[in-house]
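Please treat every number below as a calculation from the coordinates, not as lab data. Note that this is a predicted model, so its numbers are computed, not measured. Note that each Cβ is placed from the backbone with ideal geometry, even for glycine, and that neighbours are counted across all protein chains shown.
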């Protein structure tokens, strides 16, 4: 290393000593989370209908349907999703496709553990997460209501009132050489 490169490295080091750090002290200072962030899933098991759509759409194969030994009024199959967070990629497809909107992404993202088996959540464990996080803060976790698509955009005529191309354009003259 040349003297010039050494002096340059010392200059950059001394210049950064006076600046504030760009990293955060994570456990002590929680990271800011946006409203639409997708963290750990929770399940409102009382309203789950057991339709298996979440199981079928999961691209990571992280969801399995598990039999429940309890009777729920809306669940004819007596089964609910169990999620393996070792496999889950937090894509959100399961919560979007859920017809009764019982799967919710929470803002909890720090689910690491030394034992991988603890990341396999049964429906009852997911229900506990729902009770602890989502049920206590319903304004943060509003359900994903699909926006209604209007029949007609403002300023655009509907198809029934639009003129067909034949009405808008003059007829094309035929080539005199063809019969």
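The length gained on full extension between residue 31 and residue 122, counted as 0.36 nm times the residue separation minus their Cα-Cα distance, comes to 30.0 nm.
Sort 122, 6 so that the residue with the fewest other Cβ atoms within 10 Å of its own Cβ comes first and the one with the most comes last.
Numbers: 122 16, 6 10.
Going from least to most buried by this count: 6, 122.
Exposure proxy for 104, 137: other Cβ atoms within 10 Å of each Cβ, ordered fewest to most, give 137, 104. Put a dot 7 Å past the Cα of residue 24, heading toward its Cβ, do the same for residue 77, and the two dots end up 3.9 nm apart.
Name the shape class, rounded, prolate or oblate, that the alpha-carbon gyration tensor gives for region 23-134, where a ≥ b ≥ c are the square roots of its eigenvalues, rounded holds for a/c under 1.5, and otherwise prolate holds if a/b is larger than b/c and oblate otherwise. The shape class here is prolate. Cβ crowding within 10 Å ranks 115, 61, 84 as 115, 61, 84, fewest other Cβ atoms first. Taking each residue as 0.36 nm, the span from residue 132 to residue 11 lengthens on full extension beyond its C-alpha to C-alpha distance by 38.5 nm.
Using C-alpha pairs under 8 Å with a sequence gap of at least 6, the mean separation divided by the residue count of region 23-134 gives a relative contact order of 36 percent.
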